[in-house]
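Asker: Encoded as structure tokens, here's the structure I'll be asking about.
Bear in mind that the values in this text are calculations on the coordinates, not laboratory data. Being a predicted model, the structure only gives us computed values, none of them experimental. Quick reminder, even Gly has a Cβ in these numbers, built from the backbone with ideal geometry, and neighbours come from all protein chains shown.
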Amino acid sequence: MDFFRFERDIPFTRWGKFSMTLSLIISIFSVYFIATKGLNLAVDFTGGTVMEISYQQPADLNKTRQILSGIGMPDAVVQNFGTSRDVMIRLPAKEELAGGNLSETVMAALRKDDASVEMKRVEFVGPQVGDELLENGFLALLFVSLSIVAYLAFRFEWKFGVACIIANLHDVLTIIGCFSFFQWEFDLTVLAAVLAILGYSVNESVVISDRIRENFRKMRKASVPKIIDNAITETMSRTIITHGSTQMVVVSMFLFGGEILHNFALALTIGILFGIYSSIMIASPILLLLEIKREDLIKPVRKPQEEAVP
């Protein structure tokens, strides 16, 4: 059942030059920000100590930062975690202090100001472990991308694999570029969101590619742009319902999931929005540039007399 019906095909391919130019500009800026500003890597990648503490009254974050600055930790990240009484403290690795000694030093300073403060959790990540996590994370991105290309090339044709991976890498580059520009914290949950978006976007590309292949069989006299426009238009109802439902869940996580899910939901939001855009406005023009043909997807049926052995 289609809740959203379109009487005429939307000419998406007609806007291909504009969308490709816009995407190229976005990608260039993303690369520029990543190269110049870098990523605000979390303790997961850089190494350090994560502490969760709890007060009996709403915490004064500015006061907590002043206390930590007074003991030589001005670069500590202090933020609410869940409720206004729960606080998360992220401390970079200190060569002179091990994880346990560092947390004890922090708690001793905080208890001088408020004896009711309690430590709920402490975790320590070494710099070597953080480097391995970062390296393994980007290797995972590489292998997922190559697997997507191989799958689409096997199921459809290599041109679909090229178009899809360029569109998906545009999504990944946009997410990382946004986190670099705004200096949002990039942790393991954000990396998990990026990997999720790769799989999520490929699902949209598979649906559209499958409809394009069907249209090549049904619309034998139509031009390739007409076939692609019709395929995208026919799947628009499914796209709106699927992505709209997913986005509602992600927005709920963003608003009510707490600090630990904030950046995860933020990365998913950016990825879902650009995933729709790239599957429609990037992958399709690339197929036209690669000159996709009917013969690429439909093998001619041989007649019995042609198969007979003379």
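Asker: Excluding same-chain pairs closer than 8 in sequence, count the lysine pairs in the chain whose Cα atoms lie under 28 Å apart.
Answerer: So the count works out to 27.
Asker: Counting Lys and Arg as +1 and Asp and Glu as -1, what is the net charge of the other residues whose Cβ lies under 14 Å from the Cβ of Met107?
Answerer: Neighbourhood net charge equals -1.
Asker: Divide by every residue of the chain the summed helix terms, -39500 (n - 2.57) for each DSSP H run of at least 4, and state the resulting mean residue ellipticity at 222 nm, rounded to the nearest 500 deg cm²/dmol.
Answerer: On the way: 13 runs with 205 residues, N = 310.
Here the helix-only value at 222 nm equals -22000 deg cm²/dmol.
Asker: Calculate how steeply helix 61-70 sits against the longest principal axis of the alpha-carbon atoms of the chain, using the helix alpha-carbon long axis, and give the answer as 0 to 90 degrees to the nearest 10.
Answerer: 60 degrees
Asker: Test of understanding: given the chain, find the longest segment containing no chymotrypsin sites (Phe, Trp or Tyr not before Pro) that are in a DSSP loop and have at most 13 other Cβ atoms within 10 Å.
Answerer: Numbers: sites that count: Phe3, Phe4, Phe6.
Longest gap between qualifying sites, sites excluded: 7-310.
Asker: Now for a different question. Based on the mean of other beta carbon atoms within 10 Å per residue, what is the order of 187-195, 170-178, 232-240, 63-71, most packed first? Don't skip to the end; give the middle numbers.
Answerer: Values: 187-195: 19.7, 170-178: 21.7, 232-240: 17.4, 63-71: 15.6.
In descending order of packing, they fall as 170-178, 187-195, 232-240, 63-71.
Asker: Of Pro285, Ile34, Leu195, whose Cα points farthest to the positive end of the dipole of the chain (charges on the beta-carbon: +1 Lys, Arg; -1 Asp, Glu; origin at the Cα centre)?
Answerer: Of Pro285, Ile34, Leu195, it is Pro285.
Asker: Okay, next question. Sum up the charges of everything whose Cβ sits under 10 Å from the Cβ of Asp187, counting Lys and Arg as +1 and Asp and Glu as -1, but leave Asp187 out.
Answerer: On the way: positive: Arg90; negative: Asp44, Glu185.
Result for the local shell: -1.
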